[in-house]
Amino acid sequence: MATDYDEVRSDVKESQDRSLEALQSANAPDARSVVRDLDEADALDDALTPGGEFVAEELIVQVVPQAVDEFTCYSCFLVRHRSQLARESNGHPYCSECDG
C-alpha cells in the first residue's frame with residue numbers, strides 16, 4: 001500500500017484543531033476597540049512631554065537671522081563664526097571641525 005507523505009498526520013491535525021479552538025475561545029479584543037484605543041493613546045501622546053507632563057501652551061521661538069560675520073558649513077549645516085572657516089570649495093564654506 002502506498003503512503004501519502006504530504007497528508008497531515010492525525011495527531012498533528014488534532015493538535016492544530018485544539019490550538020485553533022483555544023485561540024478562538026480566548027478573549028481577544030475586536031478590531032474596532034483596538035483602533036479606538038490606539039487613537040486615544042495617540043491623542044494623549046500629542047500633549048505629553050517626555051517627562052509625562054501636559055503642555056497646553058505653544059512654544060514661541062525667536063529666529064535670529066545669520067549675521068554678516070557668520071557662515072553655514074556645507075558639511076554639518078551649522079552656523080559658525082567666520083573665525084571657524086577652514087576653506088571654501090566650489091563656493092561652499094567648510095568649518096574647521098568638518099575640514100579636519
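The values are calculated or read from the model by the stated rules, or taken from the named source; none is laboratory data. From a predicted model like this one, the values you see are computed outputs, not experimental measurements. A quick note on method: Cβ atoms are made from the backbone with ideal geometry, for glycine too, and the neighbour counts reach across all protein chains shown.
If I ask for residues that are outside any strand (DSSP E or B) and without any contact (Cβ under 8 Å) to a residue 12 or more places away in the chain, which ones from the range 64-91 would you list? Lay out the reasoning, then the answer.
Kept after step one, since they are outside any strand (DSSP E or B), are these residues of the range 64-91: 64-69, 73-78, 82-84, 90-91.
Within the range 64-91, V64, P65, A67, V68, F77, S83, N90, G91 qualify.
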(message) Can you report the number of residues in the range 24-78 which are acidic (D, E), at pLDDT 75 or above and over 21 Å from the mean Cα position of the chain (by Cα)?
(response) 4
